[in-house]
Amino acid sequence: MNRPTPARRQALALKSQRGAAVIEFALILPLLLIVLVGTMDASLALYDKAVITNASREGARAGIVARSPPLTDAQIQQIVQNYLQGALVSSGSTSALPAVQIQKGTWNGDAILTVTVRYTFQGLGLGSLLASFGKPLDLQSSTVMVYE
């Protein structure tokens, strides 16, 4: 009988396991990349949400400050667009500009100004994937302030 020695058996066992790590890595890599890109997209969406929230606040604040003559809706929209320009993170494609809506009204006898900003988030990878399924990620922020 020609039985391999224990050292030879160990060498044969190691040789048969040689490509297993590469195969396991190839199977796990797509999942790791999806998690990484998803985390980056979620972080960028939260950042963009904070930017449009601040832009709506800046527009509302500029609109309620007592001045003569008061700012027009177009001037308030321009203030919001100036704040957003260069601050939003996009995927490099020509993304649509955020929509700015201005409403004036009253609440409990006080004159109020509402500035609403809507933005469709593009994302780096998964944001575009969501849009291809027909459900783009729409971010919206509204700020209501009382006139001074």
* Local net charge near residue 80, Cβ-Cβ under 13 Å (Lys/Arg +1, Asp/Glu -1) -> +1
* Structure fact -> Expected vector for region 73-81, Karplus 3J(HN,Hα) from phi with 6.51, -1.76, 1.60 and θ = phi - 60°, integer Hz, x for Gly and Pro, equals 4, 5, 5, 5, 4, 5, 4, 5, 5
* Asked: Given the Cα-Cα distance of residue 110 and residue 61 and 0.36 nm per residue of separation, how much length would full extension add, in nm?
  -> 16.1 nm
* Out of residues 5 or more away from residue 139 or on other chains, whose amide H comes under 5 Å of its own, with H placed 1.01 Å from N in the peptide plane? -> 119, 120, 121
* Structure fact -> Per the rule of 0.36 nm per residue minus the C-alpha distance, extending residue 20 to residue 68 adds in nm 9.7 nm
* Label residue 8 and residue 147 with points 7 Å out from Cα along Cα→Cβ: what is the distance between them in nm? -> 9.8
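Bear in mind that the values in this text are calculations on the coordinates, not laboratory data. Values in this document were obtained by computation on a predicted structure and should not be read as measured data. Please note: Cβ atoms are built from the backbone with ideal geometry, for glycine as well, and neighbour counts cover all protein chains shown.
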